[in-house]
Amino acid sequence: MAQTTFQGPLVSREGFRDGRSNGLVPQVLRRRFTIAEINAGAVLLTAVPDFGFRMIGCRAIAIGGAVGATTTVDVSGVASATGRKLVAYAQANLTQSTVLNDGATGGTVLADGASYTKNDNNTAVSVGKTGSSLTTATHVDIIFTYVAE
């Protein structure tokens, strides 16, 4: 069997590092959630022992139609043992194929940059809803850029 070498970022107690510098390496995760998954609440990033996730940016795209009925689609984390919405995407702006960005129209973030601070170690980042269950759209893509530290 051929031996392979890992070429991606290295994981250490200080976070994901690229091996060439002392800086953390941003990671990008794109996940397509069904509206049923969002209605039930779903995990975007599972908790990792000794690491907390810090959001750098986030996007949402409605697939298969506009999102109906709900108030917001939320990307949430935990800081100081309290749940918080990192981004709340407004239903009215989640029209089919429209890219919504964190901090822009339809993508509300926490005041004073709090959405961009580290979440607690050993906690997940999740996707859910506020208000009624989502209707009409078939999926919502979440594109989450983050570092683990």
Practice problem: Work out how much length A104 to R31 would gain on full extension: take 0.36 nm times their residue separation and subtract the Cα-Cα distance, in nm to one decimal. | Solution: 24.2 nm
Quiz item: How big is D for the range 28-148, in µm² s⁻¹ as a whole number, if Stokes-Einstein is applied with the Kirkwood radius of its Cα pairs at 4 °C and 1.567 mPa s?
Solution: 93 µm²/s
Quiz prompt | Spin-label pair I63/A114, simplified geometry with 7 Å Cα→Cβ offset, distance in nm | solution = 3.2 nm
Exercise. Compute the relative contact order of the range 17-100 as a whole-number percentage, counting only Cα pairs closer than 8 Å that sit 6 or more residues apart in sequence.
Key: 26 percent
Quiz item: Quick one: if you stick a label point 7 Å off each Cα along the C-beta vector at T82 and N121, how many nm between them?
Solution: 2.2 nm
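Read-outs: derived from the displayed coordinates by stated rules, not from any lab. Because the structure is predicted, anything quoted here is derived from the model rather than measured. No Cβ is skipped: glycine too gets one built from the backbone with ideal geometry, and neighbour counts run over all protein chains shown.
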